[in-house]
Amino acid sequence: MGFRFPDGFLWGGAVAANQCEGAYNEDGKGLSTQDVAPKGVKGPITESPTEDNLKLVGIDFYHRYKEDIQLFAEMGFKVFRTSIAWSRIFPHGDDLEPNEQGLKFYDDLFDECLKHGMEPLVTLSHYETPLHLSKRYNGWVNRKLIGFYERYARTVFDRYKSKVKYWLTFNEINSILEEPFLSGGIYTPKRELSKQDLYQAVHHELVASALAVKIGHEMMPDAKIGCMVLSMPTYPLTPNPDDVIAAMEFEHKNYFFADVQARGRYPGYMKRYFRENGISIQMGPDDEEILKHTVDFISFSYYVSTCGTADPELRKNSEGNLLGGVTNPYLQASEWGWQIDPQGLRYVLNMFYDRYQKPLFIVENGLGAKDELIKDADGVPTVEDDYRIQYLNDHLVQVGEALEDGIEIMGYTAWGCIDLVSASTAEMSKRYGFIYVDRNDDGTGTLNRYRKKSFHWYKEVISTNGQSL
Ligand code: BG6
């Protein structure tokens, strides 16, 4: 088929510090919420780190990043998305001075990217609040988090301003609705958390995000700072207007975050929701002004679409990504039940662009699957991951279609470009990578890296700028 992607399109891959770095207690790093969540978002929170927590070692990216970046360079990456572990920089979160060793690590990492012609795309907060902020302050429920985040943002902006042009404030900021602990550092168990506290925490994150945009622009005039939301187009299950409205309301709850970050104010439908649910957001005197500092671009993850229905019985039949939704009878699902819908990506790109008229960046997309390591004809270990190639190809074709629709798209970073520990289930066996990492769910394995078939496929896509799709 073949598409003409724009010159300078940022092809690359994405990871998050907590899912790949390991070294959870090295060089002055403090504990984060991830260090006590050995089973991912659905599992229990432990008192202190336990050996069954695969993230403590991750894929040992902390010590092996040079080798990994070399492999990304071999595929031709123009951009590499990663996050900074907040607790490497401020081990407790409320410290007055940063940890120099933590800062140094990211200096070296970003230098390595630049050496290979890759722009770092950096998320400030990707599912890992310093644990102390969670336990002592109840995470983002407490307004003080805004100040701690601001200090952290100022520190890293100042340190990396000559190295990093692209920043994201919070990963999948809307996932706090489902995952208040890992997404928002909220220590109160979800079932005991009031809507009032939940949306107050949301407000604090939105103010902190806008503040980061404001100070980021002041400190780094050439930088581009984006929001990052979990996108999940929600189709009405039937043409029944009740279902259409149910789907619309489901989407409102999901996209109100990007609405505030892109438009600089709360939308009317959220004010209504707050009114009808007895929620009264406590605003600081400058909050409305701060929120006016809107993002330069909209970034998002895309894995699944879902359906909205007004039928309470059918709502119980909810499967899929972090935010739930009703199963679509027309779609197949991955081994983890995530429904596969390439056209949903074109749909969501159009939706965001119609809504905001700002450049878009697809910063996560991919297929989590079980891989089998085999030997190729020369005896070199590899994975014949045609299913992954198919998934990515089908989605990138829809990105090509969206470009034809006239959408401004900055780039595409495939999620988990190297195998890493999954976020929702904390497994190694849910693999996304172009590069296989020899580590198993029981923690055994050499940690050696091997190129999969998709490695060579993606290299070709990048080198032809999408023509090979
Ligand atoms: C997104 C997260 O929700 O989806 C990533 O931003 C995560 O951190 C990715 O890894 C895929 O989810 P999972 O659970 O398959 O790792």
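Just so it is clear, none of the values below were taken in a lab; they were calculated from the coordinates. Quick caveat, the model's predicted, so the values are computed rather than measured. Cβ: placed from backbone, ideal geometry, glycine included. Neighbour counts: every protein chain shown.
Only helical runs count toward this figure. For the chain, summing -39,500 (n - 2.57) over DSSP H runs of n ≥ 4 and dividing by all residues gives -12000 deg cm²/dmol at 222 nm. Ranked by the mean number of other Cβ atoms within 10 Å per residue, highest first, peptides 5-11, 182-188 order as 182-188, 5-11. For the chain, the relative contact order comes to 18 percent (Cα pairs under 8 Å, sequence separation of at least 6). Residues in the range 431-440 carry Karplus couplings, in order, of 9, 10, x, 7, 10, 7, 10, 6, 8, 10 Hz; the curve used is 6.51 cos²θ - 1.76 cosθ + 1.60 with θ = phi - 60°, and Gly or Pro positions show x.
Pairs with C-alpha atoms separated by more than 32 Å, drawn from the list Lys42/Lys115; Lys39/Lys253; Lys55/Lys452; Lys42/Lys459; Lys115/Lys253; Lys66/Lys253, are Lys42/Lys115; Lys42/Lys459; Lys115/Lys253; Lys66/Lys253. Taken along the Cα-to-beta-carbon direction at a fixed 7 Å, the label points for Arg265 and Asp107 span 4.5 nm.
Net charge dipole, the chain: roughly 780 debye, given to the nearest 20, about the Cα centre with Cβ charges of +1 for Lys and Arg and -1 for Asp and Glu. For the peptides 458-468, 428-438, residues were scored by their other Cβ atoms within 10 Å and the scores averaged per peptide; the highest-first order is 428-438, 458-468. Counting only aspartates and glutamates at least 8 places from Lys453 when in the same chain, those with an alpha carbon closer than 15 Å to its own are Glu74, Asp371, Glu372, Asp376, Asp378, Glu384, Asp385, Asp386, Asp419.
Please go through the range 317-406 and write out the trypsin sites (Lys or Arg not before Pro) that DSSP classes as loop and that have at most 16 other C-beta atoms within 10 Å.
Here the trypsin sites (Lys or Arg not before Pro) that fit, given the DSSP loop and packing criteria, are Lys370.
Amide H contacts under 5 Å for Leu121: Phe80, Arg81, Thr82, restricted to partners 5 or more places along the chain or on a different chain, H placed in the peptide plane at 1.01 Å from N.
The GluC sites (Glu not before Pro) of the range 106-191 include none that DSSP puts in a loop with a beta carbon having at most 14 other beta carbons within 10 Å. Residues Asp386, Asp68, arranged from fewest to most other Cβ atoms within 10 angstrom of their Cβ, appear as Asp386, Asp68. The GluC sites (Glu not before Pro) of the range 380-450 meeting both criteria, a DSSP state outside H, G, I, E and B (loop) and at most 16 other C-beta atoms within 10 angstrom of the site's C-beta, are Glu384, Glu408. Taking every alpha-carbon pair under 8 Å whose residues sit at least 6 apart, the range 233-361 reaches a relative contact order of 28 percent. Between Arg154 and Asp52, residue separation times 0.36 nm minus the direct Cα-Cα distance comes to 33.2 nm. Helices assigned as whole DSSP H runs in the chain whose Cα atoms extend at least 15 Å along their own long axis and whose mean Kyte-Doolittle hydropathy is -0.5 or higher are found at 195-219, 241-263, 386-404.
The distance linking the range 1-16 with the range 116-159 is 28 Å (Cα centroid to Cα centroid, whole angstrom). Entry for the range 10-463 at q = 0.07, 0.08, 0.11, 0.13 Å⁻¹: log10 I(q)/I(0) = -0.32, -0.42, -0.84, -1.23, Debye formula applied to identical alpha-carbon scatterers, no solvent contribution.
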